[in-house]
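Before any comments, here is the structure.
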Amino acid sequence: MILYTPMQLELVFEGLEEMQHAPTREVNIDGVPVLIQDTGPGEGKVVRLLSTDPLDYLRSDLYPGAVVKLFRCTQTG
Amino acid sequence: MSGDQNIWGHEGEYPCTPPENPPEEPNTPPAREPGHPGASPAPQRVQGRTKESMESIKELGASPVPEVKSNIHCLTIVGQIEGHLVLPPQNKTTKYEHLIPQLVALEQSPEVEGVLVVLNTVGGDVEAGLAIAEMIASLSKPTVSIVLGGGHSIGVPIAVAARYSFIAETASMTIHPIRLNGLVIGVPQTYEYLDKMQDRVVRFVTQHSRISEASFRDLMFRTGELARDIGTVLIGREAVEKGLIDEVGGVGQAVNKLKSMIEEWKLRNGVPVQ
């Protein structure tokens, strides 16, 4: 990986070692397969869309970092 | 939710489902309207709800495309362009795995007629940046980019990838050599590899803007301009003078330009039947 940035790399990579990755799981939200991370009771954060329908990627409620209510999700896989 | 899965299944398993259609038919016309009668009449970006769209495919044989209130889609590229490594959370990042399918959707969606790329980025991963730049450059729809604040390093190829580019009067673009991160083995091959990676960026920029390779390389390796690095910072008008960016301007000019490009594009391709 080559980072091409005028920013100091120490600043960019600061905390990389201590970074903890919360476990993620695959769910369906309105039929869209999404990878989410549980953030709190009844709430999760979208990590990545797993859909193959490009139009799902234009949805304003499903983007990386969006908070989703878990009652909208159904567990898959 | 199980309904969704059934519908997915039915699509393949039961090409025609006449016994199931009649009871559902009365529900279908209201389903195409916004959910409740009390829904606001204001134009609203209706999300392509899969359940409804699947029902519509079943009932009407057509997939409804999401209604959009604007024919221009604004793509914002901010912070670090994240590559194959998730960056620590203090970085604001643009994620290529989301942007790339989004660009596919923009190319495909009949509602979107033009794309406005707004940049305020400090650069980032070479691969991811070039991937986004190539996607923008290969869109068949009119594209306009505008650099606000900064469009540094790998932001430069993304800015020039659009058909027409703008830069704000105060925005800056840093052009500097690529450096290797991580373990660097001190052998001549390392330099050759680095040079190859750099050539990818230089080639893309020179192919998509008016700047010549010699003058871009000159900017890249200039000494005495940057305090901590070699290279150049171009501010607003300077980027236009060097031929990197097409025009100095703000959002108003960028949107107007995009609108006029859309008109031209429609004339050239014949107005699509809406």
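Exactly one of these conditions fails for A:Val12: (1) touching a helix residue (DSSP H, G or I) at 6+ places or on another chain (Cβ under 7 Å); (2) crowded, with 17+ Cβ neighbours inside 10 Å; (3) at the interface with another protein chain (Cβ under 9 Å from one of its Cβ atoms). Give me its number.
So the condition that A:Val12 fails would be (1).
Of all the residues that make up segment B:104-126, how many are under 15 Å from A:Leu11 (Cα atoms) and without any contact (Cβ under 8 Å) to a residue 12 or more places away in the chain?
0
Restricting to segment B:72-85, what's the tally of residues that are in a loop (DSSP other than H, G, I, E, B) and surrounded by fewer than 15 Cβ atoms within 10 Å (Cβ to Cβ)?
2
Do the conditions hold for B:Arg217, that is, is it in contact with a strand residue (DSSP E or B) (Cβ under 6 Å, 6 or more places away or on another chain) and of a type in the set (Lys, Arg)?
Values: in contact with a strand residue (DSSP E or B) (Cβ under 6 Å, 6 or more places away or on another chain): no; of a type in the set (Lys, Arg): yes.
Considered against the rule, which asks whether it is in contact with a strand residue (DSSP E or B) (Cβ under 6 Å, 6 or more places away or on another chain) and of a type in the set (Lys, Arg), B:Arg217 comes out as no.
So for segment A:21-35 (the condition being within 9 Å of chain B (Cβ to nearest Cβ), surrounded by fewer than 20 Cβ atoms within 10 Å (Cβ to Cβ) and of a type in the set (Gly, Ala, Ser)), does at least one residue qualify?
Taking every residue of segment A:21-35 in turn, none turns out to be within 9 Å of chain B (Cβ to nearest Cβ), surrounded by fewer than 20 Cβ atoms within 10 Å (Cβ to Cβ) and of a type in the set (Gly, Ala, Ser).
For B:Glu238, indicate whether it is among the charged types (D, E, K, R), more than 28 Å from the chain's Cα centre (by Cα) and either more than 24 Å from A:Leu9 (Cα to Cα) or within 14 Å of another protein chain (Cβ to nearest Cβ) (or both).
Values: among the charged types (D, E, K, R): yes; more than 28 Å from the chain's Cα centre (by Cα): no; either more than 24 Å from A:Leu9 (Cα to Cα) or within 14 Å of another protein chain (Cβ to nearest Cβ) (or both): yes.
Here the answer is no, as B:Glu238 does not meet what is asked.
Does segment B:211-218 contain any residue that is assigned to a loop (DSSP other than H, G, I, E, B), of a type outside the set (Asp, Glu), surrounded by fewer than 16 Cβ atoms within 10 Å (Cβ to Cβ) and modelled with pLDDT of 95 or more?
Residues of segment B:211-218 that are assigned to a loop (DSSP other than H, G, I, E, B), as a first pass: B:211-212.
Still in the running and of a type outside the set (Asp, Glu): B:211-212.
Checking which are surrounded by fewer than 16 Cβ atoms within 10 Å (Cβ to Cβ) leaves us with B:212.
If we keep only those that are modelled with pLDDT of 95 or more as well, we get B:212.
Yes, segment B:211-218 contains at least one residue that is assigned to a loop (DSSP other than H, G, I, E, B), of a type outside the set (Asp, Glu), surrounded by fewer than 16 Cβ atoms within 10 Å (Cβ to Cβ) and modelled with pLDDT of 95 or more.
Within the bounds of segment A:15-22, is there any residue that is farther than 29 Å from B:Leu130 by Cβ and free of Cβ contacts under 8 Å to residues at least 12 places away in the same chain? Even if it seems obvious, please write down each step before you answer.
Let us first name the residues in segment A:15-22 that are farther than 29 Å from B:Leu130 by Cβ, namely A:18, A:20, A:22.
From what's left, free of Cβ contacts under 8 Å to residues at least 12 places away in the same chain: A:18, A:20.
Among the residues of segment A:15-22, at least one is farther than 29 Å from B:Leu130 by Cβ and free of Cβ contacts under 8 Å to residues at least 12 places away in the same chain, which makes the answer yes.
On the basis of being at the interface with chain A (Cβ under 10 Å from one of its Cβ atoms), within 17 Å of the chain's Cα centre (by Cα) and on the phi < 0 side of the Ramachandran plot, does B:Gly123 make the cut?
Values: at the interface with chain A (Cβ under 10 Å from one of its Cβ atoms): yes; within 17 Å of the chain's Cα centre (by Cα): yes; on the phi < 0 side of the Ramachandran plot: no.
Against the criterion (at the interface with chain A (Cβ under 10 Å from one of its Cβ atoms), within 17 Å of the chain's Cα centre (by Cα) and on the phi < 0 side of the Ramachandran plot), B:Gly123 does not qualify.
Give B:Leu219, B:Leu183, B:Leu194 a once-over and let me know the one that is touching a residue at least 12 places away in the same chain (Cβ under 8 Å), more than 30 Å from B:Glu263 (Cβ to Cβ) and within 13 Å of chain A (Cβ to nearest Cβ). First the steps, then the outcome.
Numbers: B:Leu219 fails: within 13 Å of chain A (Cβ to nearest Cβ); B:Leu183 fails: touching a residue at least 12 places away in the same chain (Cβ under 8 Å).
Within the list B:Leu219, B:Leu183, B:Leu194, the selection yields B:Leu194.
Only residues in segment B:87-103 that are surrounded by 21 or more Cβ atoms within 10 Å (Cβ to Cβ) count as the first member; pair them with residues that are part of a loop (DSSP other than H, G, I, E, B), Cβ under 7 angstrom, at least 6 apart or cross-chain, and list the lot.
Matching pairs, first to second residue: B:Thr93/B:Leu87; B:Leu103/B:Leu139.
For B:Ala159, state whether it is in the same structural domain as B:Glu97 (by TED's automatic domain parsing), within 18 Å of B:Arg237 (Cα to Cα), small (Gly, Ala, Ser) and surrounded by 18 or more Cβ atoms within 10 Å (Cβ to Cβ). Write out each step before concluding.
On the way: in the same structural domain as B:Glu97 (by TED's automatic domain parsing): yes; within 18 Å of B:Arg237 (Cα to Cα): yes; small (Gly, Ala, Ser): yes; surrounded by 18 or more Cβ atoms within 10 Å (Cβ to Cβ): yes.
The answer is yes for B:Ala159.
The values are calculated or read from the model by the stated rules, or taken from the named source; none is laboratory data. This one's a predicted model, so the numbers in the text were calculated from it and none came from an experiment. So basically every Cβ, Gly included, is an ideal-geometry build from the backbone, and we count neighbours across all protein chains shown.
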